[in-house]
Structures are given as structure tokens and as C-alpha cells.
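The next block holds one structure in the form of C-alpha cells; read it before the comments.
The values are calculated or read from the model by the stated rules, or taken from the named source; none is laboratory data. Because the structure is a prediction, the values reported are computed rather than measured. Cβ placement follows ideal geometry from the backbone for every residue including glycine, while neighbour counts extend to all protein chains displayed. With ligands, DNA and RNA removed, areas are computed over all heavy atoms of the protein, side chains included. Shrake-Rupley method; radii C 1.70, N 1.55, O 1.52, S 1.80 Å.
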Amino acid sequence: MTDTRKTANTMWGGRFAAGPDAIMEAINASIGFDKRLYAQDIRGSRAHAAMLAAQDIISSSDAEAIGEGLLTVLSEIEAGEFAFSTALEDIHMNVEARLKEIIGEPAGRLHTARSRNDQVATDFKLWVRDQIDAAIAGIEALQRAFLTQAEAGADWVMPGFTHLQTAQPVTWGHHMMAYVEMLGRDASRFRDARARMNECPLGAAALAGTSFPIDRHMTAEELGFDRPAANSLDAVADRDFALEFLSAASICAMHLSRFAEELVIWSSAQFRFVRLSDGFSTGSSIMPQKRNPDAAELLRAKVGRILGASFALFTVMKGLPLAYSKDMQEDKEQVFDAADNLMLSLAAMEGMVRDMSANREALAAAAGAGFSTATDLADWLVRALGLPFRDAHHVTGSLVALAEENGCDLPDLTLEQMQQVHSGITAQVFDVLGVDNSVASRTSYGGTAPAQVRAQIARWNEVLG
């Protein structure tokens with residue numbers, strides 16, 4: 001008699017030792033990745049058991065045995081002594097099966113008044129919440145690295161760019177502080193997401209709640225949630241918290257990618273604005289002169305991976321009816337991968353920023369090139385000569401064209417040459433054409449003047465503590 005399972009397995013390839021049963025086990029099991037939730041799963045189960053005992057749903061002796069047994073399981077997992085089983089599908093069943101081996105019959109009472117639906121939602125929320133806290137800590141460490149750079153170069157002039165063309169002089173400190181502000185918004189988004197997600201799903205059971213007299217406020221408080229989720233259907237169906245985490249992570253990764261791009265440009269021989277440390281550079285297998293900014297380039301690519309995780313989870317969730325569907329098992333791998341890569345990116349960027357050295361001379365030389373003080377000249381024409389700005393803009397453009405014809409920069413034009421364009425120009429104009437004078441004049445709140453930069457550094461040092 002033909003073994004149809006073996007025949008079918010041959011059709012599907014040699015990946016599985018058996019037929020459809022093995023295929024189903026492989027697609028259905030999540031233990032390969034959700035074992036990362038072990039600490040959260042055990043924490044949630046211990047809180048649930050304590051609540052069941054407090055409500056006289058199980059005996060205090062059973063609850064004590066469950067609590068102690070779960071700690072034993074936790075120690076085995078952390079010691080690498082726990083044997084995870086694909087046949088048991090997920091972290092919940094793996095932990096419960098081992099608990100039964102340790103304490104026997106009382107383990108069967110742990111699952112009273114709950115479902116794997118509310119259990120996994122609780123575990124996952126706890127894990128994402130922990131990752132948010134870690135991300136905020138990583139962001140703040142990176143902000144401090146940028147602050148250190150800003151403090152060192154609060155008055156170092158460099159070119160500011162628009163369209164990657166020289167625009168106006170700014171200071172190194174001002175440029176570094178721009179990323180402190182971006183990262184501050186990233187941390188704020190994570191904090192907002194954390195506050196919004198901090199409702200406990202445990203006790204929603206499969207989807208409709210439970211007839212047992214549970215105390216959901218007790219378990220919510222024990223697990224550090226602000227309150228229990230108010231709708232049992234929503235509690236098990238919701239993955240907004242994961243989507244918000246991925247959205248905030250994507251924006252943060254985009255910010256890191258922007259600075260990584262600047263590091264790639266700035267560390268080139270054509271710019272020489274910064275030198276990355278040996279720890280974050282590599283050489284070439286054929287060109288001995290090369291110092292490749294590989295860490296920055298790899299970090300620049302991470303946003304694609306993290307944003308891709310966000311798209312993937314949005315796609316999983318977009319068409320699901322309430323409440324739980326097995327599709328939602330596909331929620332975790334994307335989040336795990338994105339979290340890992342975000343934390344790696346934050347750590348790598350912190351290292352690069354802390355270790356990099358700015359080339360003050362190259363920054364200053366570039367700051368004065370490309371007619372970077374043209375706007376200062378136009379502003380002076382408005383203030384000193386009373387020209388309408390549009391007229392001052394036209395006069396300045398003519399002076400730039402004259403400097404180009406003479407192969408020099410604006411400060412190198414003579415007063416007589418300038419007066420050929422506008423007779424009212426006086427020698428005082430040269431006071432605004434130097435890059436140091438230019439940045440010192442930008443004293444508006446948030447401007448690049450060193451005094452303003454130092455004020456913002458002081459503010460952020462106070463915020464970060």
C-alpha cells in the first residue's frame with residue numbers, strides 16, 4: 001500500500017521527514033521565535049496565579065506551588081537547560097508542560113479564567129514595553145554623545161547646506177544639536193506609545209471575558225499596567241501597540257540613516273570634515289589607502305529593514321475580523337527583528353559619534369566657500385541702506401556674479417568693485433562678510449550663534465540629567 005503522506009512529502013521536497021502532519025506542525029508552531037517571551041510569560045502567569053488565589057478561585061497552596069514552579073522554569077531557561085518542544089507549539093504550552101512535570105496536578109489550574117489569546121497579548125505587550133524602555137535609554141545615550149560633540153565645537157564654523165549646496169555658515173555645535181532635537185522627538189514618540197499601550201489584556205480570556213470572579217485590576221497593577229483593557233474583544237484583537245512601536249522605530253531609524261549619510265559624505269577625501277575611528281571603519285582588500293565607513297553604510301540601510309517590518313505587520317492586520325485570528329502569530333518576528341536592529345543601530349551610532357573627530361580646519365575652510373555669506377550681505381543692504389529685501393537680493397546676486405567672474409569670494413571683492421554694483425555700499429559691509437561674524441549674528445532663538453547653541457546644550461543637559 002502506498003504511503004500517501006510520503007508521496008505528498010516527496011512532491012513538496014525533502015525539507016520534512018513526514019507528510020502533511022509535519023508541514024502543519026512547522027507552520028503552526030511559533031516556539032522558534034516566541035520563546036523570547038519566556039520572562040514575560042512567566043511573569044504574567046505568576047501574577048495570574050496570585051490573583052486566582054486572592055479571589056479564592058484556586059487554593060493558596062496551589063498558587064504557591066505554581067509560583068515556585070514557574071521560578072524553577074525561569075531559572076532553567078536562563079541557564080540554557082530548558083528543552084523547547086516544537087510539538088508544544090508555543091512558549092505558553094512549553095512553560096505549562098514543564099510546570100506540570102515539576103509540580104504535578106496544580107499546574108493544570110493555572111489556565112483557569114484565561115486563554116492563550118489574552119495570555120499572548122499580555123506577554124507581547126510586556127515585551128514591547130520593555131523594548132520601548134530600552135529604546136528610550138539608547139536614544140538618550142546617543143543624545144549625550146551628540147551633546148558632547150556640540151559642547152566641543154559650539155563655535156566651530158562649518159558650511160550649512162540646502163540641496164547639499166553651500167547655503168549659510170553654521171556651527172558644528174548647531175549641526176550636532178539638530179540631531180539631539182530629532183532624537184528628542186523619537187524618545188517622545190516612544191513615551192507616547194508606551195502610555196497609550198499600558199492597558200492589561202489579561203482576563204479578557206478568549207474574547208468575551210470570563211465567568212470566574214477575577215480581579216483584573218489586581219493583575220494589571222501587579223504587571224505595571226495603568227489599568228485593565230476595557231473591552232475584551234479589543235484586548236485580544238489589538239496589536240496597535242506593536243504597530244506604534246514599529247512606526248516610532250522606523251522614524252528613529254530614518255533619523256539615524258540621515259546622519260549616517262552625512263558621515264559617509266563627511267568622511268570622504270573630498271570633504272574631510274570628520275574622521276571615524278578605526279573601530280567603525282574598515283579597509284579595502286585591494287586598495288590599501290581606503291578607510292571605508294562601513295558601519296555608517298550598514299546603519300544607513302537598517303531603516304529599510306525596520307520600515308519593512310512595519311509594512312509587514314500593517315499588511316497582516318489590515319483585513320482581520322475581530323477577535324483573534326491565527327494570522328496574528330505573524331506579528332512577533334517582525335517586531336523582534338526591528339527591535340534588535342534598532343538597538344544595534346543606536347549603539348553603533350553612539351559609538352561612531354563618541355569616537356569621531358571633527359576636522360576644525362577643513363570645516364572652517366569650507367564654511368567660507370561657495371558665497372556662504374551672501375544672505376548676510378543682503379541683510380546688511382536692508383539694514384544699512386534701507387533697500388527692500390527683494391532689491392537687496394538682486395544686488396547681492398549681481399555681486400556674487402561679479403565675484404565669480406573674478407574667481408574670488410565675496411569678502412575678496414574690493415569696495416570699489418562693490419560700489420560699481422551699488423554706490424551706497426560702504427566699508428562696513430566687510431564686517432558681515434566673515435563666517436565668524438555671520439554665525440555670531442544669528443542670535444534668534446534656535447539660531448546658530450554660539451551663545452544660542454550653548455543655551456540649547458544647557459537645556460538638554462538639564463532635560464537628560
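Annotations
- Helices (runs of 4 or more DSSP H) (entirely within the stretch 205-294) containing at least 3 residues that are closer than 30 Å to residue 316 by Cα and open to solvent by less than 30 Å² (accessible area, probe 1.4 Å): 232-237, 240-266
- Within the stretch 318-349, the residues that satisfy the criterion of being at pLDDT 95 or above, small (Gly, Ala, Ser) and more than 15 Å from residue 301 (Cβ to Cβ) are 339, 347.
- Scanning the stretch 111-130 for residues that are small (Gly, Ala, Ser) and in a helix (DSSP H, G or I) turns up just one, 121.
- A residue that is within 30 Å of residue 139 (Cα to Cα), in contact (Cβ under 8 Å) with a residue 12 or more places away in the chain, touching a Leu at 6+ places or on another chain (Cβ under 8 Å) and of a type outside the set (A, V, I, L, M, F, W, C) occurs nowhere in the stretch 270-277.
- Only one of the numbered conditions (1) without any contact (Cβ under 8 Å) to a residue 24 or more places away in the chain; (2) touching a strand residue (DSSP E or B) at 6+ places or on another chain (Cβ under 7 Å) is violated by residue 122, and that is (1).
- Single residue of the stretch 85-110 satisfying the filter (in a loop (DSSP other than H, G, I, E, B) and buried (at least 16 other Cβ atoms within 10 Å of the Cβ)) that is farthest from the chain's Cα centre (by Cα): 110
- Residue in the stretch 25-40 that is closer than 15 Å to residue 202 by Cβ, among the hydrophobic types (A, V, I, L, M, F, W, C) and open to solvent by 10 Å² or more (accessible area, probe 1.4 Å) present: no
- Neighbours by Cβ (under 6 Å, 6+ apart or cross-chain): first from the stretch 155-174, more than 16 Å from residue 453 (Cα to Cα); second part of a strand (DSSP E or B) and open to solvent by 60 Å² or more (accessible area, probe 1.4 Å): 167/161
- Residue satisfying all of: in the stretch 358-398; open to solvent by 40 Å² or more (accessible area, probe 1.4 Å) and part of a loop (DSSP other than H, G, I, E, B); modelled with the highest pLDDT among these: 359
- Which listed residue is touching a helix residue (DSSP H, G or I) at 6+ places or on another chain (Cβ under 6 Å) and more than 18 Å from residue 430 (Cα to Cα), from 399, 346, 377: 346
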